Each structure stands twice: as C-alpha cells, then as structure tokens.
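Reviewing the structure listed below.
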Amino acid sequence: MSLPTPCKQLSSSECLYQPLMRSLRSRSWHIVPAAPTSSRHSVTDEKTKQNKAWKYEGYSGFSEWMASDDDFFIVRRFGTINARVILWMQNQIVEKERKLAELHKRMEDRSETSPDGEGMNDSFDWDIKNLPERHDLMRGLSDQLLQYNSYINAFSKVRARPAAEARQVRNLQNWSLDAEGLDREVIDLRELEFAKHRHDLISISSRERPPLGEWLESCQKLQLSKVFREKAQNGKHVVSAATQYTSNARFELLTKGLIITGGLVMLLAPIWWLAFVSDTKKRLGIITAFVCIFISVMATATNKPFEAVAATAAYAAVLMVFMQVEPKG
C-alpha cells in the first residue's frame, strides 16, 4: 500500500495523515515511506505504482489489507434486502399453502357421483395417481421450505454479528485516501460505496471485551506506544514499512491487571479505614460509599449486569463483617 506522501495509519484505532488529516484506524499504524532515492529508475517505478494504484494494487492489496486484521474486516449485513428476500420467499410459500387448502376443500366437496370419483385427503399415494397437482405442489413446497428455513438460519447468524465500531468504519473509509485526504482511485468508487452504509456494516470477527478493555484499545496514546506494538508476521499481516500492528494479548493483559489491582484497592482500602473509625454512622457511610464505587467499577469490568450485582452483594457482605469488628483504642 503505497501512498504519494508520508502518512500514518493506526490499526485498532487510528489513522493519522500528516500534516493535514487525523482519523481513527484499527489496531495498526500505516506509515507510507518516501520513495527510495537510490536510483532514478526505482523512484520512477514507485511513482508509477502510486499513480496507478488501481492497476498495481487494486483488489489484491485491498483484500490483503482487510484480511490482515480483524478490525479491518467489515462488510455489509444487507439487512433490508435480506428482509425483502425472506418476505418474498414467505409469500411464495403462502401462495402454495393457499392452493393446498383449496385442493383439500375441493376434495371435500367432490362426491361419489363425480366423474372422477369421490375425493380423498388421506393418502399421498392416491394423490400421485389421481391428483398429481397436489403431489407436485407438495414437492415444490418441500424445496421452498428447505430453502426458506436455510436462508433464515443463515441470516440469523449474520444478523447476530456485532455492528462495526465507528473506528472500524473510518479504517475502511480512510484506506483508499492519500496523505491529503484525496481518493487514490485504488478501488472503483462505486464499489466502495458500501462503506457509507454505517449502520449496515458488521464485523466478521470480533472479540468480547469488557468496557474497560474497549476504552483502553480506543486510547490513541496506548495505540502509539511501543509497548503494545506487534511485529508484522509474513502470511498474516501486511508486511511493509507502511503497517504497524498492536498486540491484542498485551491489551488484554493490561485490562486484567487493572481490574485485579482495582479489586484489591477496593477491598483493602475500606478495611483499613474501618479499623480507625468507631462511629457507627461514619462506618456505614464508608461502606455505602465503597459499595457504590465498587458497582461502578464492576460495570467497566463485565458486560453482564447480573454478575456485577452478585459481586457487589458479596463485596458488601464482606464489608459488613468488618463493620461488626470494633476498632481498638
């Protein structure tokens, strides 16, 4: 991915175009180096590739970049179109269902004196010989219902995918821009319009993170830190001077460390404080304050409210035990 002028792209969160543009990218820095000056020929080749990105990069570079990181891999859900297709398939089945009911009623009304004999509704074998219309109708229904059920099952999984985050959408929108914010024409503009459907984009692969983890990964300063930088791997990442990746594992380790540290502080601080306070009302005030702080902290540590409430109840029970311990002196 070569751009005409130096720029930076950030994978988990930020893409910085210097000096004119700053925007979030996803968990990698994308730094486009200046064209080599070792020879006039190499400089010319590099400029040619930059000026004709649609020829030398195109979908090959786009696909490689998108597949290199989970935060880059976002596509459309096509919610409206899928809903319309499902409704169309449903209507086709309803029409056959209506015809099936009409045939059933026709057989009910057909008497023994009818030229074709008395109608029957109790045998599929009879239908094959005497009412092929219903037999063909059932065959068509079985195929359509299979397709309908499979389609709904497949779309339900797609619909359950998490919506793309704002930074991920900006990654996609900024990828085709140069350092000045102009389109590099690497992909046909009409075929990039899917990136404009903000609320219809989904992430192909996502990690479940607590709110604290999401906030840490969206922090620009942490993204730029060498501590969280990950070396690009051949076959997995876009290996070039233009791309820098950050480590998910290190962010997860930081998140766990902060949660554990916060838990220890929330447990030990009130215990020591209660040891030096004898007034019952003040001790209750301390416990109340720390319980409120604790449940607020738990809200950032888990996505499950019931877990936060259960942990807070256990925490309050521990503090109430120390409430009964009379301070010495």
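Grab the beta carbon distance between K281 and F306, set R0 = 30 Å, and tell me the FRET efficiency rounded to 0.05. Between K281 and F306 the formula returns 0.45. Is there a pair in K99/K129; K55/K226; K96/K129; K221/K256; K226/K256 whose C-alpha atoms are over 23 Å apart, and which pairs would that be? Result: K55/K226 exceed 23 Å. Our analysis of segment 79-159 gives Rg over Rh at 1.16, with the two radii drawn from alpha carbon positions and Rh computed by the Kirkwood formula. For K105, the aspartates and glutamates whose Cα falls under 16 Å of its own Cα, not counting residues fewer than eight places away in the same chain, are E95, E97, D116, E118, D122, D127, E133.
The fewest-to-most ranking of T246, T280 by surrounding Cβ atoms within 10 Å reads T280, T246.
Among M298, M107, M138, sorting on how many other beta-carbon atoms sit within 10 Å of each Cβ, with the fewest leading, yields M138, M107, M298.
Rounded, prolate or oblate: which fits segment 250-323, taking a ≥ b ≥ c as square roots of the Cα gyration tensor eigenvalues, rounded meaning a/c under 1.5, else prolate when a/b beats b/c?
Because a/c hits 1.5 or more and a/b exceeds b/c, segment 250-323 counts as prolate.
Every read-out reported here was derived from the displayed coordinates using simple, explicitly stated rules and does not represent laboratory data. Quantities reported herein were computed from a predicted structural model and do not represent experimental measurements. Cβ atoms come from the backbone with ideal geometry, glycine included; neighbour counts cover every protein chain shown.
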